[in-house]
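Contents: one structure, followed by commentary.
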Amino acid sequence: MPRSLRKEAEAAIREVNWIPNWAINRILGMVEVRPDWCISRQRSWGVPITVFYCENCKEPKADQEIFNHVADLMESTEVDVWFTEPVEKLLPANVKCSHCGSAKFKKERDILDVWFDSGVSHAAVAEKRLWWPADLYLEGSDQHRGWFQTSLLTSVATRKKAPFKTVLTHGFVNDDAGKKMSKSKGNVTSPMDVMKVHGAEILRLWVVLEDYRNDVSFSKESIERVSESYRKIRNTIRFILANLYDFDPDKDRTPDTAFGDLDKWALSRSAKAFERIGKAFDLYEFHTVYHQLVNLCTVDLSSVYFDILKDRLYTAPKHSIERRASQTALWLIGDALIRAMAPIMSFTSEEAWSYLPGGKPRNESVFFVDFPVGEKGLKKYQDDNLENRFETIWQIRTVVLKSLEEARNVKKIGHPREAKVTLTMDNNSAEVLGSTKEKPSRLFLVSELEIKPGVEIIAEIEKSTGEKCARCWVFSKDVGKNKEHPDLCKRCQEAIK
Ligand SMILES: [Zn+2]
Ligand SMILES: [Zn+2]
């Protein structure tokens with residue numbers, strides 16, 4: 001290889017974003033030591049080398065005009081024309097040998113190396129039909145020796161630049177013991193078979209979870225784990241959609257000032273997850289996308305926000321500002337969540353999008369709307385201060401939930417709603433808990449809560465002395481006091497007015 005092409009190729013390699021980043025050393029090393037590339041092959045058929053030779057003096061005849069003439073001929077007739085037609089039909093009229101003046105030529109019989117064919121696809125496909133340079137070349141790590149390199153060399157030689165901005169390489173999928181899949185060993189799992197059992201969504205989610213930068217092992221357990229995560233994400237979306245059944249964003253959406261602290265917390269957590277998901281997609285760190293999606297759905301939303309919200313959504317007056325505010329938060333989160341998961345869980349997202357209020361008339365498909373980054377990713381709701389305060393509140397909640405569980409185990413109470421909790425805690429924790437406008441007993445889903453000063457957080461559980469409200473199941477001393485609704489608590493009496 002000419003010294004200058006090798007040097008130019010090395011310079012071009014340094015301009016490209018290589019993922020994973022060790023790949024740059026791999027391809028630099030290969031280009032440095034590679035031998036010359038013989039681009040002709042002796043085969044009976046392939047992409048022809050459209051060069052002619054003078055029959056008289058053997059002088060080659062090869063110039064742009066002749067190349068274009070043959071190329072036009074191929075395009076207007078068929079690709080085989082080089083092999084089926086005689087020389088006279090392939091040459092422009094009146095061509096003479098520039099050396100001896102003869103008009104008799106023969107054609108080159110060698111064909112191009114197939115690696116040359118694929119190596120110039122950046123010109124034939126990207127440049128001619130799409131755009132050049134390509135945003136991304138993506139293949140297995142064997143292509144540092146193959147396609148990535150042949151594309152680079154043809155491009156640097158003819159265009160002085162790499163034909164791609166980013167090159168991503170991935171490992172291979174092995175069996176559950178980390179062994180290469182091969183037909184003779186019988187350890188091959190076909191993606192089609194996985195899709196038949198689990199569907200394409202789950203297979204895609206599995207690919208996203210695995211760290212593609214190295215070889216990955218495929219096992220039944222790993223795909224089942226992913227199925228479980230998929231179900232959790234799907235259930236999160238279902239909860240959101242189910243609780244928006246009577247919500248019309250055009251009429252019912254509340255201003256941001258209506259959000260309770262819990263709504264604000266959920267919006268902040270979601271906004272941060274969407275920001276991380278956007279960044280992870282930009283960096284091709286797909287496993288981060290997976291973990292962010294699963295964590296947001298299972299931990300922050302399902303087991304905390306939704307768990308506490310259920311009471312409000314089911315029992316607060318239908319048109320109350322607190323219920324509408326929570327629905328607004330759910331709608332905002334759902335809207336961004338469906339967009340965020342669309343590249344991976346495409347069918348699920350598209351289906352969910354069609355059920356999201358205000359989703360369908362605005363845009364027919366989730367794939368026609370923007371990805372949730374920046375303001376569309378709820379960025380303005382990010383609130384570190386609030387999240388820090390809730391960090392303390394959730395620590396207290398963990399203690400309460402654990403004590404409730406223990407009280408249930410010894411049959412002191414049945415449902416947590418039967419509980420009266422006496423919470424001992426330090427001043428700092430009490431201050432944080434008091435600083436939120438949310439009612440602590442409702443954050444912990446118990447009927448009564450009393451706070452006492454102390455050193456550490458301890459929750460004592462007793463059975464509530466009130467009666468069970470038939471509507472919200474909270475135990476209250478108000479139940480039985482109203483003649484009209486003797487089975488309801490005060491809050492529920494208000495709610496149904
Ligand atoms: Zn000649
Ligand atoms: Zn009630």
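Exactly one residue out of TYR355, TYR305 is of a type outside the set (S, T, N, Q), touching a Leu at 6+ places or on another chain (Cβ under 9 Å) and surrounded by fewer than 19 Cβ atoms within 10 Å (Cβ to Cβ), and it is TYR355.
Among residues of region 366-380 that are in contact (Cβ under 8 Å) with a residue 12 or more places away in the chain and assigned by TED's automatic domain parsing to the domain that holds ILE333, those with a beta-carbon under 8 Å from a residue that is open to solvent by 90 Å² or more (accessible area, probe 1.4 Å) and part of a loop (DSSP other than H, G, I, E, B) at least six positions away or on a different chain give the pairs VAL369/ARG362.
Residues that are outside any helix (DSSP H, G or I), open to solvent by less than 40 Å² (accessible area, probe 1.4 Å), assigned by TED's automatic domain parsing to the domain that holds ILE338 and closer than 23 Å to ILE308 by Cα: does region 220-243 have at least one? Reasoning before the result, please.
To start, the set of residues in region 220-243 that are outside any helix (DSSP H, G or I) comprises 243.
Still in the list and also open to solvent by less than 40 Å² (accessible area, probe 1.4 Å): 243.
Now restrict to residues that are assigned by TED's automatic domain parsing to the domain that holds ILE338: 243.
When the remaining residues are screened for being closer than 23 Å to ILE308 by Cα, the result is 243.
Yes - at least one qualifying residue is present in region 220-243.
If I filter region 170-204 down to residues being of a type in the set (A, V, I, L, M, F, W, C) and not in a helix (DSSP H, G or I), which single residue comes out as farthest from GLU139 (Cα to Cα)? Step through it out loud before you land on a result.
So the first thing to find is which residues in region 170-204 are of a type in the set (A, V, I, L, M, F, W, C), and the list is 172-173, 177, 181, 188, 192, 194-195, 197, 200, 202-203.
Subset that is not in a helix (DSSP H, G or I): 172-173, 177, 181, 188.
Values: PHE172: 10, VAL173: 13, ALA177: 24, MET181: 18, VAL188: 20 Å.
The residue in question is ALA177.
Counting residues in region 41-56 that are modelled with pLDDT of 95 or more, surrounded by 12 or more Cβ atoms within 10 Å (Cβ to Cβ), within 30 Å of LEU138 (Cα to Cα) and among the small types (Gly, Ala, Ser) gives zero.
Every residue, every condition in (1) open to solvent by less than 80 Å² (accessible area, probe 1.4 Å); (2) under 30 Å from CYS469 (Cβ atoms); (3) aromatic (Phe, Trp, Tyr), yes or no:
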residue: PHE371; (1), (2), (3): yes, no, yes
residue: GLY377; (1), (2), (3): yes, no, no
residue: THR398; (1), (2), (3): no, yes, no
residue: GLY414; (1), (2), (3): yes, yes, no
residue: ASN427; (1), (2), (3): no, no, no
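Can you tell me which of THR77, THR50, THR84 is touching a residue at least 12 places away in the same chain (Cβ under 8 Å) and among the polar types (S, T, N, Q)?
Numbers: THR77 fails: touching a residue at least 12 places away in the same chain (Cβ under 8 Å); THR84 fails: touching a residue at least 12 places away in the same chain (Cβ under 8 Å).
Within the list THR77, THR50, THR84, the selection yields THR50.
Every residue, every condition in (1) within 16 Å of ligand 1 (Cβ to nearest atom); (2) part of a loop (DSSP other than H, G, I, E, B); (3) modelled with pLDDT of 95 or more; (4) within 24 Å of ASP113 (Cβ to Cβ), yes or no:
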| site | (1), (2), (3), (4) |
| --- | --- |
| ALA9 | no, no, yes, yes |
| ILE24 | no, no, yes, no |
| LEU28 | no, no, yes, yes |
| PRO35 | no, yes, no, yes |
| LYS58 | yes, yes, yes, yes |
| GLU75 | no, no, no, yes |
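Within region 89-133, count every residue that is farther than 24 Å from ARG145 by Cβ and not in a helix (DSSP H, G or I). The number of residues fulfilling the criteria is 21. Residues in region 329-352 that are of a type in the set (Val, Ile, Thr) and buried (at least 23 other Cβ atoms within 10 Å of the Cβ) were compared, and the one that is nearest to LYS439 (Cα to Cα) is ILE333.
The values are calculated or read from the model by the stated rules, or taken from the named source; none is laboratory data. Just so it is clear, the structure is predicted and the values come from calculations on it, not from any experiment. We place every Cβ from the backbone using ideal geometry, glycine too, and count neighbours over all the protein chains shown. These accessible areas exclude ligands, DNA and RNA; they are computed on the full protein's heavy atoms, side chains included. Shrake-Rupley method; radii C 1.70, N 1.55, O 1.52, S 1.80 Å.
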